[in-house]
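A short worksheet on the structure shown next.
The values are calculated or read from the model by the stated rules, or taken from the named source; none is laboratory data. Please read these numbers as outputs of a predicted model, since none were measured by experiment. Ideal geometry is used to build each Cβ from the backbone, glycine not excepted, and the neighbour counts take in all protein chains shown. Keep in mind that these areas ignore ligands, DNA and RNA; they rest on the heavy atoms of the full protein, side chains included. Shrake-Rupley method; radii C 1.70, N 1.55, O 1.52, S 1.80 Å.
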Amino acid sequence: MNININPHTTVGALVADDFNRAEIFEHLGIDYCCHGFDTLQEACQKKGLNPSDVIARLQATHTEGGAPQFASWPLDLLTDYILKHHHRDFHLHHDELLQLVLKVEGVHGGRHPELHEVSRLVAQSFEELDSHFVKEEQVLFPQFYELYEAHEQGREPAPFHCGSIAYPIRQMMLEHDATGQTWDRIAEITENFTTPADGCASYRLMNQQLYAFFKNLKEHVALENHLLFPGFIKMEQEG
């Protein structure tokens, strides 16, 4: 951990520096995804928390948890992880999760009409994420690997058809914001993925999997916004 923990540090940077802190923010209800660029002071104000108390908890996280220390990873390894964990898991499992949501909507939608909005938002988000991941896989990440190899070999990288990586990165971050807002709404509708008393085992499984998906999505956004993207922008600027 190298970052200075103070009220003016952004919550996204704090998580990127040590992902064990994500669990503390989850517990406190602090959003390090859509509002990862909020300072700790701003995030605490939104939740009525004392920044000093939160800082004390954050300073203890190095003795807890077992999250990888992503901040120490080389950028090509971090890119590999995002592709082989976040992207691959999404491609393999998102359709199965959507089918579960549709099944629960079909059985319980009459008594719980909020499931219709959940179903619509999940389907919309998955369609948008599929497009988002394809753009990263086919456009942005190949240039990341080229930048990294050129940097390691001490040569100029091959020209990028977008000019600078800053342009597609800006678009990816805008899409992160939109996706995060969608999942914040899903969490709100489901009362933070809580199964009602009359919910069946499939209903509980749906909420468990939606919650796990959202947490994984937050990791994806935090890794890219606060480690991967700024790391490669710096590398490109340094030449």
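The loop-placed trypsin sites (Lys or Arg not before Pro) in the range 102-159, going by DSSP, that have at most 11 neighbouring Cβ atoms within 10 Å of their Cβ come out as R111, R155.
Ligands, DNA and RNA left out, the 1.4 Å accessible surface of the chain is 52% carbon and sulfur atoms. Full extension of the chain between A158 and A123 gives 8.8 nm of extra length, using 0.36 nm per residue less the Cα-Cα distance. Charge dipole (Cα centre; +1 on Lys/Arg Cβ, -1 on Asp/Glu Cβ; no other charges) of the range 138-231 amounts to roughly 120 debye. On a per residue basis, the range 1-82 carries 48 Å² of accessible surface, using protein heavy atoms and a 1.4 Å probe. Taking label points 7 Å from Cα along the Cα-to-Cβ direction, E23 and E238 give a separation of 3.3 nm.
Net charge in the neighbourhood of T79 (other residues with Cβ under 11 Å of its Cβ; Lys, Arg +1, Asp, Glu -1) is -4.
May I ask for the net charge around R111, where only other residues with Cβ less than 14 Å from the Cβ of R111 are counted and Lys, Arg are +1 while Asp, Glu are -1? Neighbourhood net charge equals -3.
With an a/c value of 1.5 or above and a/b not larger than b/c for the gyration tensor axes a ≥ b ≥ c computed over the alpha-carbon atoms, the chain is described as oblate. Measuring r between the beta carbons of L102 and V139 and using R0 = 25 Å, the FRET efficiency lands at 0.20.
Between the amide H of F19 and those of F70, distances stay under 5 Å, these residues lying 5 or more places away or on another chain, with hydrogens modeled in the peptide plane. For K84, the lysines whose Cα falls under 18 Å of its own Cα, not counting residues fewer than eight places away in the same chain, are K135, K215, K218. Rounded to 0.05, the FRET efficiency of the R204 and D130 pair, given R0 = 22 Å and the Cβ-Cβ distance, is 0.25. Ordering H87, N192, A123 by Cα displacement along the dipole of the chain toward the positive end leaves N192 in first place; charges were set at the Cβ atoms of Lys, Arg (+1) and Asp, Glu (-1). In the context of the full set of protein chains, residues of the range 84-239 present 50 Å² of accessible surface per residue (probe radius 1.4 Å, heavy atoms only).
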